[in-house]
1. When the stretch 20-67 is examined, which residues are found to be surrounded by 14 or more Cβ atoms within 10 Å (Cβ to Cβ) and more than 25 Å from Pro8 (Cβ to Cβ)?
2. Condition test on Thr155, is it open to solvent by 90 Å² or more (accessible area, probe 1.4 Å), farther than 30 Å from Val88 by Cβ and at pLDDT 90 or above?
3. Within the stretch 1-13, can one find any residue that is open to solvent by 80 Å² or more (accessible area, probe 1.4 Å), out of contact with any Leu (no Cβ under 8 Å at 6 or more places or on another chain), over 30 Å from Ile204 (Cβ atoms) and within 16 Å of ligand 1 (Cβ to nearest atom)?
4. So, Glu146, is that one surrounded by 11 or more Cβ atoms within 10 Å (Cβ to Cβ) and out of contact with any helix residue (DSSP H, G or I) (no Cβ under 6 Å at 6 or more places or on another chain) or not?
5. Just give me the residues in the stretch 22-31 being in a loop (DSSP other than H, G, I, E, B) and within 13 Å of ligand 2 (Cβ to nearest atom), in sequence order.
6. Given the conditions (1) under 30 Å from Ile207 (Cβ atoms); (2) within 16 Å of ligand 2 (Cβ to nearest atom), and given that Leu81 satisfies all but one, which numbered condition is not satisfied?
7. Test each condition in (1) modelled with pLDDT under 90; (2) under 30 Å from Asp206 (Cβ atoms); (3) open to solvent by 100 Å² or more (accessible area, probe 1.4 Å) for Asp109 and report the one that comes out false.
Amino acid sequence: MFKLKQEPPTPCSVPSHDEPLKYFCETCDNTICRDCAILTHKGHEYKLMADSYTKHYEDLEQLLVPVKEKISTVKNMLSILTKREIDVGERGERVLEEIHEMVEEMIGDLHQSERKLTDQAKRVTSTKLKQKQAGQLSLEHLEQVENYVEKSLKTGTPPQILSSKEQMKKHMNEITTLISAEDLLPKVEADIVLSKDVRSLRHIGDIISGTALYSNAE
Ligand SMILES: [Zn+2]
Ligand SMILES: [Zn+2]
């Protein structure tokens, strides 16, 4: 079954030995001749080279089995990794698209928020400015009444003043009742401040990876 290659027998290298290297000393792990066997390897375990060869050939073949098994396992792993490579590539692309879409959406939302805040700020500003306009208007009305009464008092004849006194009283009464200086006083500070609340934009997500396999039906 296991044949030694037919080569001319190698002579022993020990000078005085004339014999071919026909034996294998298991003790010394060496090829020896018959003279070696008798003289320097006495008591050692040695066999005909063909027998040792068969034994060691079989040993080596046995040792090759786990190596072959490892090769097959690694090949399987590599084919799984190749499939994963494609999968990972596709998923990576999808995640990139999702990031882009998410940011686009956020930009849209931000523009909307900008418009909302801008409108709000303009409304607040104009409300605050209107208070002064209202004050000016009140002053105008007061001065109109004042002028009207003073003019009447200065230029009117007694009968005229007596006949229009009720109307003057009515006007003065109305205007003083209507206009309250207290209402014109600002109730709040003139400050207009932007209250920022953008924490969520500083951190807009994470890339999750490395979920344990077989934990779900993958
Ligand atoms: Zn020898
Ligand atoms: Zn020996």
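The values are calculated or read from the model by the stated rules, or taken from the named source; none is laboratory data. Predicted model, so just to flag it, every value in this text is computed and none were measured. Positions of Cβ are backbone-derived with ideal geometry, glycine not excepted, and every protein chain shown enters the neighbour counts. For the accessible areas, the whole protein counts, side chains as well, though only heavy atoms, and no ligand, DNA or RNA atoms are used. Shrake-Rupley method; radii C 1.70, N 1.55, O 1.52, S 1.80 Å.
1. The one that is surrounded by 14 or more Cβ atoms within 10 Å (Cβ to Cβ) and more than 25 Å from Pro8 (Cβ to Cβ): His44.
2. yes
3. yes
4. For Glu146, the condition - surrounded by 11 or more Cβ atoms within 10 Å (Cβ to Cβ) and out of contact with any helix residue (DSSP H, G or I) (no Cβ under 6 Å at 6 or more places or on another chain) - is met.
5. Once the filter is applied, which keeps residues that are in a loop (DSSP other than H, G, I, E, B) and within 13 Å of ligand 2 (Cβ to nearest atom), the stretch 22-31 yields Glu26, Thr27, Cys28, Asp29.
6. Against the list (1) under 30 Å from Ile207 (Cβ atoms); (2) within 16 Å of ligand 2 (Cβ to nearest atom), Leu81 comes up short only on (2).
7. (3)
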